[in-house]
Amino acid sequence: MLHVPHQPSNLARTGLLLSIIVFGLSLYANLSYLFRDQPDMLALFPPFIKGVNLNHNTHLGAEYYFIARSIASGKGFSNPFQIESGPTAWMPPLYCYLLALLILIGGSKLIVAGMVVFLKDVVLVAVGLLVYVAASKTTTRLRPWCAVLVYIIMLLTYFRWFFQITHDEWVLLFFVSSLFWLSSSMWSAPWGEKKSVLWGVLGGLSFLASPIAGFGWCVTTLALALRWRRLRLVFISGAICAALCLPWVIRNYRVFHEVIVIKSNLFFDLYTSNYETPDGLHREEHVLRHHPVWTASRAGAPDCLAAGEAAFIELYRQ
């Protein structure tokens, strides 16, 4: 089990250091907004090229944000492509509803982006502390701060994704880290009904946040079941997880007349990754040129969504 180390002062110092680094890097990245009219100054920020500003912290996940905007305006879970395309299951629901709440609280997109950046920074600090705690319990020759150093290097390596764009990567990181933290305590000792309930709630929220996080929960649950063979408690977790996800599945069936467990765009993703690009690799510039979230509202764009999302997805299924 990942208990807090016996040296609380070391944990506090690590938290302070992580906070200074993460919030400092975030502040540095967002200073580029002050120089949008000074192209030469943009060379001070990654990728350090004059006139190139890769700070997209008002991106907010594109489809996530547009769906959230529809929810906040009373139009329901719909319109992921900046046009009136109707009901959707294009994205997982949890982050959309979180953004909708932030829109209702903050109003402007810039304020919402600021709140998301702050939440992301908090998650990055918390994950760094989790790395420290895990390393303090598992490493023998290396000090825990070595693992934290690797974590910081990782943040710098993926600087754009962690500090220059707001998508769902921080939400996924939060749930994967939460699954790791809770499952580690359940792996080290038999657990009771309270942890079964908590594990089930975490599983349901993980599914509603991302199919990948939900799949991780399923694999981990199977491993825990094989280790302890406490089938009644596993059933409790599974039942709670299913109960949280079932309303979303029922809603999708009523709207689209087919079973859509979490999101509907699987065949679109498969098509765009494995057919439209020669080597099957995802490239941001390709997405910006061809993705319907950016092209559907343009003048002269094909009216591919006129028949609704189900028909649109069927084209990519075929």
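The values are calculated or read from the model by the stated rules, or taken from the named source; none is laboratory data. Being a predicted model, the structure only gives us computed values, none of them experimental. Reconstructed Cβ throughout: ideal geometry from the backbone, glycine too, with neighbour counts over all protein chains shown. Please note that ligands, DNA and RNA were not included when accessible areas were found on the heavy atoms of the full protein model with its side chains. Shrake-Rupley method; radii C 1.70, N 1.55, O 1.52, S 1.80 Å.
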Please list, ordered by chain and number, the residues whose modelled amide H lies under 5 Å from the amide H of residue 91; skip anything fewer than 5 residues away on the same chain. 264
Highest mean first, what order results for 128-136, 45-53, 205-213 on Cβ atoms within 10 Å? 205-213, 128-136, 45-53
Considering only 49, 71, 140, whose Cα is most displaced toward the positive end of the charge dipole of region 47-154, charges sitting on Cβ of Lys, Arg (+1) and Asp, Glu (-1)? 140
Express the C-alpha Rg of region 217-279 as a ratio against the empirical globular expectation 2.2 N^0.38 Å, rounded to two decimals. 1.60
Packing-wise, with mean Cβ within 10 Å as the measure, how do 266-273, 159-166 rank, highest first? 159-166, 266-273
Checking the table 75/263; 75/120; 75/195; 137/195; 50/109 against a 29 Å threshold on Cα-Cα, which pairs fail? 75/195
Please tell me the relative contact order of the chain in percent, rounded to the nearest whole number, where contacts are Cα pairs under 8 Å and at least six residues apart. 20 percent
From Cα coordinates alone, what are the radius of gyration and Dmax values for region 11-116 in angstrom? 17.2, 50
Roll a 1.4 Å probe over the protein heavy atoms and report the accessible area of residue 187 in Å², nearest 10. 110 Å²
If you plug each phi of region 28-41 into the Karplus form 6.51 cos²θ - 1.76 cosθ + 1.60 with θ = phi - 60°, what whole-Hz ³J(HN,Hα) values come out, in order, with x for Gly and Pro? 4, 4, 7, 5, 4, 5, 6, 10, 5, 9, 10, x, 5, 6
Amide hydrogen neighbours beyond the local backbone of residue 165, cut-off 5 Å, H modeled: 56
Among (1) 34, 30, 17; (2) 34, 20, 18; (3) 33, 24, 18, which one is semi-axes √(5λ) of the Cα gyration tensor in Å computed from these coordinates? (1)
Highest first, please rank the peptides 27-34, 65-72, 77-84, 137-144 by the mean number of other Cβ atoms sitting within 10 Å of their residues. 65-72, 77-84, 27-34, 137-144
Enumerate the calculated ³J(HN,Hα) couplings along region 101-106 in order (Karplus 6.51 cos²θ - 1.76 cosθ + 1.60, θ = phi - 60°), each rounded to whole Hz, writing x wherever the residue is Gly or Pro. 4, 5, 5, 5, 7, x
